[in-house]
Amino acid sequence: MSAVNAPIGRDREDSRTATTSRGSSTGSTSGRGRPRDATRDAALRTAALEVLAEVGYRALTMDAVAAQARAGKATIYRRWESKLELVIDTCTQLVRRNIPRPDNGTIEQDLGEFLSAFAEFLSGPVGKAAQALVGELPHEPELAEAFRDSFLLPQRDVLREIIDRGGERGEIRADAPVDTVVELAGAALIHRLMLTGDPLDQRFVNRLLHEALLPLLR
């Protein structure tokens with residue numbers, strides 16, 4: 001685990017008693033045996049997301065997150081040992097709660113639902129935070145690896161599941177470029193979010209689905 005922004009003094013002692021790990025679930029207990037407050041965890045993650053979107057990963061500090069959440073810094077370190085762990089756990093929880101795994105019976109419906117939900121997800125606070133993170137990835141190898149594992153790979157896996165089910169139903173041709181479609185679906189949304197600044201609205205989602213993805217698969 002990275003020692004990025006490691007606590008000092010009393011905070012370091014608090015972090016050694018913590019029982020958290022990357023991707024820890026809410027409801028676990030701290031080193032003192034007190035039950036974790038899931039609502040408090042959510043408030044701290046929200047604060048981290050807000051600070052990240054405002055100042056970026058490099059300038060993010062546990063002090064700033066604590067101030068944003070109106071919490072003690074030791075409270076944060078009992079849950080996450082470093083800002084890397086906090087940011088990645090926040091990304092993981094957001095993806096788990098906001099990326100659907102649709103199974104409506106047709107590939108068109110499933111892809112449409114997934115793309116709409118992912119576009120809405122990126123259009124919210126997480127989009128700004130993702131923009132702040134992506135700029136740091138070339139300079140933070142551990143962050144880059146964790147960001148891929150927690151944010152990018154899960155949505156790619158869902159896309160592949162959707163396409164695989166479509167193949168089992170005979171909805172796509174045998175030689176369809178599945179890898180290209182999976183990459184294109186996410187890349188198109190990220191490109192619009194990060195580079196063009198154009199809205200990730202339903203009109204764009206429909207164009208992506210009907211003009212690019214489905215024609216490649218059928």
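Miscellaneous remarks
- Filter result for the condition that a residue is touching a Ser or Thr at 6+ places or on another chain (Cβ under 6 Å) and open to solvent by 50 Å² or more (accessible area, probe 1.4 Å), over Glu142, Glu120, Glu161: Glu142
- Of all residues in the stretch 128-144, those that are over 13 Å from the mean Cα position of the chain (by Cα) and under 21 Å from Asn98 (Cα atoms) total 0.
- Any hit, the stretch 178-187, residues being out of contact with any His (no Cβ under 9 Å at 6 or more places or on another chain) and closer than 30 Å to Ala59 by Cα: yes
- Residue check, Asp110 at pLDDT 90 or above, in a helix (DSSP H, G or I) and of a type in the set (D, E, K, R): yes
- Which listed residue, of Arg40, Arg45, is surrounded by fewer than 19 Cβ atoms within 10 Å (Cβ to Cβ) and assigned to a helix (DSSP H, G or I): Arg40
- Any chance Phe121 is modelled with pLDDT under 90 and either part of a helix (DSSP H, G or I) or within 20 Å of Leu52 (Cβ to Cβ) (or both): yes
- For the stretch 165-206, a residue qualifies if it is of a type in the set (D, E, K, R), surrounded by fewer than 13 Cβ atoms within 10 Å (Cβ to Cβ) and part of a helix (DSSP H, G or I), and the qualifying residues are Glu168, Asp179, Arg203.
- Restricting attention to the stretch 68-78, the residues that are open to solvent by less than 70 Å² (accessible area, probe 1.4 Å), of a type outside the set (D, E, K, R) and either assigned to a helix (DSSP H, G or I) or under 18 Å from Val126 (Cα atoms) (or both) add up to 5.
- Within the stretch 82-101, not a single residue is buried (at least 23 other Cβ atoms within 10 Å of the Cβ), charged (D, E, K, R) and not in a helix (DSSP H, G or I).
- Only one of the numbered conditions (1) in contact with a helix residue (DSSP H, G or I) (Cβ under 8 Å, 6 or more places away or on another chain); (2) farther than 23 Å from Leu200 by Cβ; (3) buried (at least 17 other Cβ atoms within 10 Å of the Cβ) is not met by Phe114, and that is (2).
- Within the option set Gly105, Gly31, being out of contact with any Pro (no Cβ under 6 Å at 6 or more places or on another chain), outside any helix (DSSP H, G or I) and modelled with pLDDT of 90 or more holds for one residue only, Gly105.
- Against the conditions (1) at pLDDT below 50; (2) among the β-branched types (Val, Ile, Thr); (3) open to solvent by 20 Å² or more (accessible area, probe 1.4 Å), Thr20 satisfies every one except (3).
The values are calculated or read from the model by the stated rules, or taken from the named source; none is laboratory data. Worth saying up front: this structure is predicted, and the values here are computed from it rather than measured. Backbone-built Cβ (ideal geometry, glycine too); neighbour counts: all protein chains shown. Calculation scope for accessible area: heavy atoms of the full protein, side chains included, ligands and nucleic acids excluded. Shrake-Rupley method; radii C 1.70, N 1.55, O 1.52, S 1.80 Å.
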